[in-house]
Amino acid sequence: MWTVMAFTLRNKVRSKSYIWSTAIMAILLIVVANLPYFLERLDRGSGEPTPVGYVAGVYPDIVQGMEAFFAKQEEPDVRLVPVSAGGSSAEAALRQALDAGEIKGYLTFVDRPQVGFPSVIYQSKALMDHSTGEALRYALESVKTEMVFQRVQLSETDRALLSTPVSLDVRQITDDADGKTAAEQGVAIGLTYAILILLFMAVMITGQLIATEITAEKSSRVMEILVTSVAPLKQMFGKIIGTLLAGLLQMAILVTAFLVNLTLPQNKSAIESLGIRLDVIDPMLIVYALFFYLAGYFLYATLFAAIGSIVSRTEELGQALTPVTLLSLAGFYIAMFGLQNPDSPVVVVCSFIPFFSPFIAFERIGLGDPAAWEIALSAAILLASIVAFGWLAAKIYRTGVLLYGKRPSVKELIKAMKAYKV
Amino acid sequence: MANAAGSGGRETVPGRRTSREGNGSMNPLVVDQVVKRFGDKTAVNGLSFEVAAGEIYGLLGANGAGKTTTMRMILGLIMPDSGRVLYEGKPYSSEQLRMMGYLPEERGLYPKLRVSDQIIYLGQLRGMSRADADRNLRDWLKRFQIEEYYNMKVEELSKGNQQKIQFIAAVIHRPKILILDEAFSGLDPVNVELLKATVKELRDQGTSIVFSTHRMEHVEELCRNITIMHRSNPVLQGSIRDIKRRFPQERVVLVTEGEVQGLDRLPGVRSVQRQEAGYELRIEGEDVAQDVLRHAMAQTAVRRFELMEPTLNEIFIKAVGERVE
């Protein structure tokens, strides 16, 4: 069995597709890990504030208020540049300054006597200049508020009260001493979601790989030699474990690449500023993730192997795999649904059904608060079904590898099993 | 063994086992009264034979006669419904796998893998060490003069060379029992000779070989004993010499200086065929042959006169054909 395993692992790891997919995914993950940092850098632009022009002399109180607002900021997004109208019209002078590159955009004001505050138009050549627009909006809001404050004469405390944003903290009630804060919940949902996708992809991709390889061995007839060299059971489990190791290795490489890049100094602050903190991740969650990955993998892999063994030609494999694929997809979609409602009865029931539980039981652990016995029961059912399906798959495999030609029906398969005395 | 040939029973061979047991040694491969049914269809019906060390045993039969099922039972892929297969006196176990080599009729290797990788893997699967398998592989490649294929992928090789690699895969672990299913099909004459010589050499080294084919000339050249199967039943068993002796010699080849008249009028002559250099006659019995010779000598000088023994091909067709009612 170790020989089969080592052979499977070696060939997989050396195959071009494996190397390429690992490399490409690693690069993608590294990019994703560094994305917040890059975005932040881009946001800041070159660090220089955007020069925005206005016609000198219009609405001096508003312009001064804005200048005061930007002056208070450490890294202001906008620098106001007065443009003298000179002889020509104001609009033309601003356009001239824009074309000359002195300013990136300009402000014009339209009177609104009934409101008491002009409407402001910011014009620039950039298509989507949101950040500058936002900065200008904040500045204008602040100027307006200041104007009102001066008129109604509020006390300092009232002012402070008005300007302080409302603090609303949403917490989840669990058996643990303190509930998960909103930030923790966000991380939990994000992490659970990420691990669910990883679980699903790992199970499906490696499972399909196993089925494909077994069918390929059959269709290339190398199977005839293999089954006469080593017991089919050893062969099947050797292949399953070998592929698992290849998958784990790939995942380890990817996760390491991702984490190393996340913890790079420049990324740390960027990620924390997004409200993601890695240290709030419960290490038990990772342990559960690993357990359900392994369990789910073995459950599906044995089925995939069994199906691969009864199909003689690779072209027919996809069709034969459809039921299992649908089963796993159903599990995955129920899990997606459960992201929002981890405690709905459907999710709870499904967390005990073997083919769904790898996804759904894990999700409940990550998001909800299942009792210990629920986790234990779910795991026990899962393990028992691995043994049961492993046994069944081994029987099917033993028979299937010898059957060539048309894909056998269930009845034919049972008949053949009896005939072969497996 | 006495009723091994089943209901037909005419061509039963005296049991070879008794003669062997006299030596006190058990043959490496003993197939004893095996029966295999698939549903209500019987694939092999009471087949028995033994293969001695250093013997090539011929398993003949038309397509669907039960050869592959027999070989699969010997390989332990399927268990007989009754009867047994013994390997050096022991029943089947996974250890026996290691001393068996198999060249399946449907050839197959990993097309994308290098020759060295897969042959060494197959050797390892049968319990060899890596180094051992590698050494053997190099020896074999050298022997077939295809050393440069060591690092090539199988799909890059010609069909004939793939066959050679396949053959190496079957013998890499020096099996004691070797099962060759249509070993020479699809090979050019040069390579057939090469593989034939190799098979003979393996035989001389003491390997027990079960050899299945439709090609009678190979069987005549290689095998000592044969079984002809027809529709799941063994219809003819024994050594080729015995079998031939049991079939009357009914063919006479006559090459003469001039023409011979009136051959077809001789009593006991069934047919006369005029050939390029002489005549080929079918006769009723061996004693008629002398009459033919005398008759010919009376007319002209005889260059060649031969009482031909039946070819295995003729015997096969006769044995199988007789059963097709």
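The values are calculated or read from the model by the stated rules, or taken from the named source; none is laboratory data. Note that the structure is predicted; figures quoted are calculated from it, not measured. Cβ atoms come from the backbone with ideal geometry, glycine included; neighbour counts cover every protein chain shown.
Would you confirm whether or not segment B:137-146 contains a residue that is surrounded by fewer than 16 Cβ atoms within 10 Å (Cβ to Cβ) and acidic (Asp, Glu)?
Within segment B:137-146, one or more residues are surrounded by fewer than 16 Cβ atoms within 10 Å (Cβ to Cβ) and acidic (Asp, Glu).
Can you tell me how many residues within segment B:72-119 are more than 9 Å from chain A (Cβ to nearest Cβ), modelled with pLDDT of 85 or more and in a helix (DSSP H, G or I)?
6
Looking at segment A:281-336 only, could you name the residues that are of a type in the set (S, T, N, Q) and within 15 Å of A:ILE396 (Cα to Cα)?
Matches in segment A:281-336: A:THR302, A:SER309, A:SER312.
Can you find a residue in segment B:217-231 that is over 17 Å from the mean Cα position of the chain (by Cα), touching a residue at least 60 places away in the same chain (Cβ under 8 Å) and within 30 Å of B:GLN33 (Cα to Cα)?
yes
Could you grab me the full set of residues in segment B:193-216 that are assigned to a strand (DSSP E or B) and hydrophobic (A, V, I, L, M, F, W, C)?
B:ILE209, B:VAL210, B:PHE211 - these are the residues of segment B:193-216 that are assigned to a strand (DSSP E or B) and hydrophobic (A, V, I, L, M, F, W, C).
With respect to B:ARG304, determine if the residue is assigned to a helix (DSSP H, G or I) and among the charged types (D, E, K, R).
no
Can you tell me which of A:LEU321, A:LEU403, A:LEU413 is more than 24 Å from the chain's Cα centre (by Cα), more than 14 Å from chain B (Cβ to nearest Cβ), within 23 Å of A:MET236 (Cβ to Cβ) and of a type outside the set (Asp, Glu)?
Exactly one of A:LEU321, A:LEU403, A:LEU413 is more than 24 Å from the chain's Cα centre (by Cα), more than 14 Å from chain B (Cβ to nearest Cβ), within 23 Å of A:MET236 (Cβ to Cβ) and of a type outside the set (Asp, Glu), namely A:LEU321.
Being modelled with pLDDT of 85 or more, buried (at least 20 other Cβ atoms within 10 Å of the Cβ) and away from chain B (no Cβ under 14 Å) is true for just one of A:ALA376, A:ALA361. Which residue is that?
A:ALA361 is the lone residue from the list that is modelled with pLDDT of 85 or more, buried (at least 20 other Cβ atoms within 10 Å of the Cβ) and away from chain B (no Cβ under 14 Å).
Quick check on this structure: which one of B:GLY127, B:GLY206, B:GLY186, B:GLY160 is farther than 26 Å from A:THR3 by Cα and within 14 Å of chain A (Cβ to nearest Cβ)?
Just a single option satisfies the conditions, and that option is B:GLY186.
Would you confirm, using the coordinates I've provided, whether A:ILE396 is crowded, with 18+ Cβ neighbours inside 10 Å, under 30 Å from A:ARG221 (Cα atoms) and not charged (D, E, K, R)?
yes
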